[in-house]
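Contents: one structure, followed by commentary.
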Amino acid sequence: MDEPILALEGALDAFSVALLRGGDVSATSLSHQAALEDGLRLVRELLDAATLRLEDLGGIAVGTGPGGFTGLRITIAFAKSLAFGAKLPLVGVSSFDILDVAAEAELRVPRLTVVCGRPGIACMRRTEPARMQVACGPTTATLARVTTEGEEIAIIGATEDVQSAALERGLSVHFIPVGTELKAATLARIARMRPAAASVHEVAPDYGEQPAVKTQS
């Protein structure tokens with residue numbers, strides 16, 4: 001897409017919105033608690049500041065997770081509604097890809113890109129030269145599924161959540177920091193290089209592991 005791109009991301013950190021226009025990105029964010037109430041207001045303020053309407057955009061990008069369940073669900077709903085209403089193409093981008101692109105250092109292989117949507121639960125993507133493997137679940141058990149005891153590996157993303165489990169497995173870990181740029185801004189840059197979905201309905205959230213549900217009898 002060469003036209004302006006609006007990007008919405010709510011799975012990784014606070015709900016954030018970015019506008020990519022030419023080579024320039026404008027981005028802003030809300031607190032986690034305010035996404036439902038103020039998310040669309042943030043979109044409008046960003047477009048107004050750029051003197052753009054939705055119809056002036058070339059497309060919309062959205063982070064598809066995994067990550068925080070509530071933020072992801074709200075953000076996908078916002079993005080689909082905006083794209084459908086304005087008849088704009090929609091591009092979905094994985095949280096794993098956003099974190100990899102946001103890395104401050106050169107990426108190594110093998111590496112784990114880690115997302116934690118809630119305490120004790122992680123989704124991990126192991127990247128090697130010839131393959132990728134994704135696993136989600138309790139942090140320690142998931143790490144055991146995608147690593148070999150004592151191996152050397154790079155980890156990017158939710159590194160604090162896996163440090164103790166990595167030490168227990170005797171891994172030789174190189175932690176890769178993620179930059180401070182808002183995730184929506186990184187998402188917008190990725191989306192410019194990605195094809196849009198054939199239909200907005202094809203863009204689906206990746207929740208990793210479903211959140212715990214309590215039932216009452």
Only residues in segment 162-190 that are within 18 Å of Gly65 (Cα to Cα) count as the first member; pair them with residues that are part of a helix (DSSP H, G or I) and of a type in the set (Asp, Glu), Cβ under 8 angstrom, at least 6 apart or cross-chain, and list the lot.
-> Ile190/Asp97
Restricting attention to segment 102-114, and to residues there that are surrounded by 17 or more Cβ atoms within 10 Å (Cβ to Cβ) and in contact with a helix residue (DSSP H, G or I) (Cβ under 7 Å, 6 or more places away or on another chain), which single residue is nearest to Ala185 (Cα to Cα)?
-> Ala102
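Let's see how each residue does on (1) part of a helix (DSSP H, G or I); (2) over 15 Å from the mean Cα position of the chain (by Cα):
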{"residue": "Leu42", "(1), (2)": "yes, yes"}
{"residue": "Leu46", "(1), (2)": "yes, yes"}
{"residue": "Thr51", "(1), (2)": "no, yes"}
{"residue": "Ile60", "(1), (2)": "no, no"}
{"residue": "Ala79", "(1), (2)": "yes, no"}
{"residue": "Leu82", "(1), (2)": "yes, yes"}
{"residue": "Leu88", "(1), (2)": "no, yes"}
{"residue": "Glu106", "(1), (2)": "no, yes"}
Answer yes or no as to whether Asp38 is more than 12 Å from the chain's Cα centre (by Cα) and charged (D, E, K, R).
-> yes
Would you mind finding the one in Ala27, Ala14 that is of a type outside the set (Phe, Trp, Tyr), in contact with a Leu (Cβ under 9 Å, 6 or more places away or on another chain), more than 15 Å from Val93 (Cα to Cα) and surrounded by fewer than 20 Cβ atoms within 10 Å (Cβ to Cβ)?
-> Ala14
Across segment 109-141, what is the total count of residues that are basic (Lys, Arg) and in contact with an Asp or Glu (Cβ under 8 Å, 6 or more places away or on another chain)?
-> 0
Modelled with pLDDT under 95 and in a helix (DSSP H, G or I) - does that describe any residue in segment 149-159?
-> yes
Find the residue count for segment 138-151, including only residues that are in contact (Cβ under 8 Å) with a residue 24 or more places away in the chain and among the charged types (D, E, K, R).
-> 1
Pairs where the first residue, in segment 83-101, is farther than 15 Å from Ile176 by Cβ and the second is among the acidic types (Asp, Glu), C-beta under 6 Å, 6+ apart | Ala86/Glu55
Among the residues of segment 115-129, write down those that are outside any loop (DSSP other than H, G, I, E, B) and either crowded, with 24+ Cβ neighbours inside 10 Å or at pLDDT below 95 (or both).
-> Val115, Cys116, Gly117, Arg118, Ile121, Ala122, Cys123, Met124, Arg125
By residue number, the members of segment 150-164 that are on the phi > 0 side of the Ramachandran plot and either under 17 Å from the mean Cα position of the chain (by Cα) or surrounded by 20 or more Cβ atoms within 10 Å (Cβ to Cβ) (or both) are Gly157
So how many residues does segment 36-55 have that are more than 12 Å from Phe15 (Cα to Cα) and among the small types (Gly, Ala, Ser)?
-> 2
Counting only residues that are under 14 Å from the mean Cα position of the chain (by Cα) and of a type in the set (Lys, Arg), which one in segment 165-207 is nearest to Gly120 (Cα to Cα)?
-> Lys183
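The values are calculated or read from the model by the stated rules, or taken from the named source; none is laboratory data. Everything numeric in this text was worked out from a predicted model, so none of it was measured. A quick note on method: Cβ atoms are made from the backbone with ideal geometry, for glycine too, and the neighbour counts reach across all protein chains shown.
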